[in-house]
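Here's the structure we're looking at; comments come further down.
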Amino acid sequence: KSYMTSPYHNLNKNSIITAMERVYITDEKFENINFTAQKLSEGDYEGCTFYLCDFSNADLSQFTFIDCTFSECKLAATKLVQASFRDVKFIDCKLIGLHFDHCKSTVFAASFERCTLNMSSFYQMKLKKFRFENCILHEVDFAEANLTEADFTNSELTKAVFENTILEKADFRKAIDYSIDPGLNKIKKAKFSSINLSGLLDKYDIDIS
């Protein structure tokens, strides 16, 4: 199948089912579409690929994405109220100021690779075994989230918020610029590099050399 230039163009007849204005689309590819100007049809998307698409300021509330991949896409200030992401991959995407905490938390499952998620929020979310690899996570809100066994390999966590966060067995060994107060978070068996241990001592305002 070729990449699509419109959500309605060349759709496989077997890939779309419409019911009460809500669509169900499977195994389709969307390329280089500005969904800020051209609204994506509300519905359920399974096994779909979105490449070089712009969802800035778009409203994806109530949408469902299952086994989908977003590659080199931009989602800035995109509305995600009660949206569902199940086994979704974000690769090389810019995800700025997103409230993932507005999604349906009971079915939220995603991974992030080489993504920028600055000023986004995962407040109170269940993120066990989540992967944030090679990501920029400046000022991301992880307060009261469950990040048990999460992987932050090669990620930047400048001014990321960790407060009453469960970080047990999380891997920060190759993460940088994090500031985590052990007294305010659960860090039992979390993994840290000795080189970056200063990120656990910031509140003491001491000079480590």
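Pull out a ≥ b ≥ c, the square roots of the eigenvalues of the alpha-carbon gyration tensor of region 21-129, then state rounded if a/c is under 1.5, prolate if not and a/b is larger than b/c, and oblate in the remaining case.
Details: a/c = 1.35, a/b = 1.20, b/c = 1.13.
Rounded is the answer for region 21-129, as its axis ratio a/c remains below 1.5.
Measure out, as a whole number of angstrom, how far apart the alpha-carbon centroids of region 66-100 and region 135-175 sit.
Taking the Cα centre of each part, region 66-100 and region 135-175 sit 18 Å apart.
Given the pairs Lys129/Lys189; Lys89/Lys128; Lys29/Lys74; Lys104/Lys186; Lys129/Lys186; Lys94/Lys128, which are separated by over 19 angstrom at their Cα positions?
Correct reply: Lys104/Lys186; Lys94/Lys128.
Accessible area, 1.4 Å probe, largest first: how do Ser105, Ser61 sort? Could you put the intermediate results ahead of the total?
Values: Ser105 60, Ser61 25 Å².
Descending accessible area places them as Ser105, Ser61.
Taking square-rooted eigenvalues a ≥ b ≥ c of the alpha carbon gyration tensor, is region 41-93 rounded, prolate or oblate, where a/c under 1.5 means rounded and, failing that, a/b exceeding b/c means prolate? Show your work: numbers first, answer last.
Details: a/c = 1.73, a/b = 1.04, b/c = 1.66.
In terms of gyration-tensor shape, oblate.
Starting from the Cα-Cα distance between Lys39 and Glu113, subtract it from 0.36 nm times their residue separation and give me the gain in nm to one decimal.
Numbers: separation 74, 0.36 × 74 = 26.64 nm, distance 2.61 nm.
Working it through step by step, the gained length comes to 24.0 nm.
Assign one of three labels to region 57-209, namely rounded, prolate or oblate, based on the Cα gyration tensor with a ≥ b ≥ c the square roots of its eigenvalues; rounded applies when a/c is under 1.5, prolate when it is not and a/b is larger than b/c, and oblate otherwise.
On the way: a/c = 1.99, a/b = 1.82, b/c = 1.09.
Taking the square roots of the gyration eigenvalues as a ≥ b ≥ c, region 57-209 is prolate.
The values are calculated or read from the model by the stated rules, or taken from the named source; none is laboratory data. Just so it is clear, the structure is predicted and the values come from calculations on it, not from any experiment. Heavy atoms of the whole protein, side chains included, go into the accessibility calculation; ligands, DNA and RNA do not. Shrake-Rupley method; radii C 1.70, N 1.55, O 1.52, S 1.80 Å.
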